[in-house]
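Working notes, structure below.
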């Protein structure tokens, strides 16, 4: 929080926005574990084998945890890469970032719902609610990019190519998650599969954007 | 934590106060999601439609989450803007900041109470408890501003206009939330509506204060 | 994490130890709110008055929350002030700091126990467990001070007077909390009262140490 | 987040990776306390003695908490020491670090399972699940080291000796925890004992690596 030279206050502003956002991303990603419930096998004999089976039966929780974890992680990495090109903040960027963070903090909840209902008759609704949450987050992420990549906020060494690539890869977010949401009406696992493909796709765009 | 020049230790002190406060704000804002409970529709058929209805019935939780989220976020942004004008800390600022943080960490609790009772006969008390919490926080915030904006702590480039504007917009905090608390005796949703108007009002003052 | 000059690596090490410790302090202090349980008044009429009474009956939780909050906050401020005099870390400081952090992360648990049993016949044991936890933490804190204030780790501008004052005020920690633990055998509230007096005492030593 | 000189962007990248990882480590280590449940002695008389006995009976939770706490703490210290030798990040390091963090955030869950079942007939499975989690984490940690210690990412002042020592001490991780997992088939406490020996072993390697 030093102010090395009075000519550079903008850097500092982005710094605290990033630090706060880092905190929210880190906490949301760690709270996912609280969705996992210790199985109760006391009433089914309680043998080691019973506990083993019960832990395996928790697999929808593990799938939900891993999918949500990497989706948030990828978004954090992009968030980070995006703000490297920005040196000023304003109220509108704060608001767009706030909406995005609201979406991120919400993720543990649909993840819990998905884990609780993936093997029940209500699986389709749970998967639709899960994918639907990411439709909203993808819209917020797109708004965040639009807010961040406005001319007066960009830093001097902002990369035009990175900005173009980011817009290209994130404009597909809302429709792609909408597809996953609609797919939930057909099959819950299909919807979850699309969500998995999507974070792998964005992970790949990181590689490309970072290396170019 | 570097100490670039022995002439500037004060900057560093504020830095760690800010970092710690950022952490508390970020955690409190993220813990709000833990108030959301996965609905149990196993005993009502458990169809996708039942789950969908049950998720919709959770709307008071969503409203509470969004209201508390943005109220805390706005306070964080102001907290940040205020400390940009301060370069020294002392015991009194630490204490005032501590009281404010105590209030912030408390927010998930009244939010939970509100979400649990907004659609029950006890709604008025729940809304009053929620708004009443913000009366106390608003008083702490005002004390924090008074503690921060004392002459010996201000940094050389502190903006007189910003300080005046901040006092003007925050002195209305305690009475405004008191009004929301009293309104709860009439109608719980009216009280919650006033709380919503208030964070939008302070969001607007950010814009004004940042742009001026 | 910049390395501005190769002559100053020690600063950096302390920096990350502090940042990690700040995180643990901030999270532990915020998790205290999770101990508060939303009262269930559905089966007692559920009128606003019933909810109000139920919220008031939670007062032991509020007392526990406030006491633990300020005790942790004061320890964080001292932790911070202590490390300002230190510029190197080693394995022993890491270990002593780790023990202290273990104690800090544990605090929400005895706070929960205290809040659950303060108005039951088991109150004395709950208060003894609460105060006893702080005996252990006070010992860890003293070990942490001894580890931090070794000659080779001190920074060039370390204040001899601050070091002496800190030793003086913290050597009383273990016996004082032991007294509070023993007092719990007489009366739970007496024990809790001593704990409150203690954090106010250490808060006062901050003022003195900061101003000197 | 200042960019002091355009020649040094790599430092900055590692900085945010470290800050985010610090956050995840700090939160995971603090969430361990949520596994502790307040004992319910209302139905067994509720005397202070009953509460005392109930708190003592929670000892498997305390053992699990301490073991997991120090295992995570030691990994954080090593994580920190490793990244001091690295000045660039790329997609592969981000991914390896992400897998490691996924493992770290998962730890509170097997800790909970272990605490719940250590004194039941299912203890062997619980201990095997606990140690098995650390097999996976040890593999991720080894991959993380391989990703971090690639030539193009190393900083100019990276220590060849430290890198060699780190590889030597961490290559034993996966087989050692595999041994602990297999030992669980014989005796749960034997398995937990091996896990304890292991974090002490790695704590000792810190001392050696730091002092050399």
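As a proxy for reagent exposure, ranking B:179, C:51, C:102, B:192 by other Cβ atoms within 10 Å from fewest up yields B:179, C:102, B:192, C:51. Taking the centroid of alpha carbons for each part, region D:116-192 and region A:168-200 are 35 Å apart.
Over the whole of D:60-67, what's the average partner chain Cβ count within 10 Å per residue? Rounded to a whole number, please. Write out the running numbers ahead of the final one.
Numbers: counts 0, 1, 2, 0, 0, 4, 2, 0.
Average neighbour count from other chains, rounded to a whole number: 1.
When chain A is treated as a GNM with alpha-carbon contacts under 10 Å, the residue of A:143, A:49, A:93 showing the greatest mean-square fluctuation is A:49. According to the square roots a ≥ b ≥ c of the eigenvalues of the Cα gyration tensor, what is the shape class of region D:31-95, taking rounded for a/c under 1.5, prolate for a/b larger than b/c otherwise, and oblate for the remainder? Note, shape of region D:31-95 comes out prolate.
Exposure proxy ranking for D:200, D:137, based on other Cβ atoms within 10 angstrom of each Cβ and starting from the fewest, stands as D:200, D:137.
Build a GNM of chain A with springs between Cα atoms under 10 Å apart, and of A:159, A:191, A:116 the one that fluctuates most is A:159.
Evaluate the Kirkwood expression for the hydrodynamic radius of chain C, namely the inverse of the mean inverse distance over all pairs of different C-alpha atoms, and round to one decimal in Å.
Details: mean 1/r = 0.0536 Å⁻¹.
Here the Kirkwood hydrodynamic radius works out to 18.6 Å.
This ranking places C:68, A:169 by how few other beta-carbon atoms lie within 10 Å of each, fewest first, which gives A:169, C:68. Each Cα pair under 8 Å and six or more residues apart adds its separation to the average, and for region A:114-186 the resulting relative contact order is 51 percent.
For chain A, the longest principal axis of the Cα atoms and the long axis of helix A:59-83 meet at an angle of about 0 degrees.
Reported value for region B:118-170: 78 Å³ per residue, from the convex hull of its C-alpha atoms.
Taking only C-alpha pairs under 8 Å that are 6+ residues apart, what is the relative contact order of chain A in percent? It would help to have the intermediate numbers written out before the result.
Working: 224 pairs, mean separation 50.1, N = 212.
About 24 percent, as a whole number.
Per-residue shielding of B:95-103, expressed as the average number of other chain Cβ atoms within 10 Å of the residue Cβ, stands at 4. Comparing Cα centroids, region A:43-100 and region B:25-98 end up 17 angstrom apart. Computed over Cα pairs, the Kirkwood radius of region B:98-212 leads via Stokes-Einstein (1.306 mPa s, 10 °C) to a diffusion coefficient of 104 µm² per second.
Rounded, prolate or oblate: pick one for the protein assembly as shown, where a ≥ b ≥ c are the square roots of the eigenvalues of its C-alpha gyration tensor, a/c under 1.5 means rounded, and failing that, prolate if a/b is larger than b/c, else oblate. Walk me through the numbers on the way to the answer.
Numbers: a/c = 1.04, a/b = 1.04, b/c = 1.00.
It comes out rounded by the Cα gyration axes.
Among D:91, D:180, D:115, the largest mean-square fluctuation in a Gaussian network model of chain D, built with springs joining Cα atoms closer than 10 Å, belongs to D:91.
Across the identical copies, the 7 Å label point of residue A:49, projected outward along Cα→Cβ, sits 4.3, 4.3, 6.0 nm from its counterparts, in ascending order. For the residues of D:125-135, the average number of beta carbons from a partner chain within 10 Å of their own beta carbon is 2.
We did not get these values from a lab; they are worked out from the coordinates using the rules stated. Here the structure is a predicted model, which is why all the values come from computation and not from measurement. When we count neighbours, we look across all protein chains shown, and the Cβ atoms used for this are built from the backbone with ideal geometry, even at glycine.
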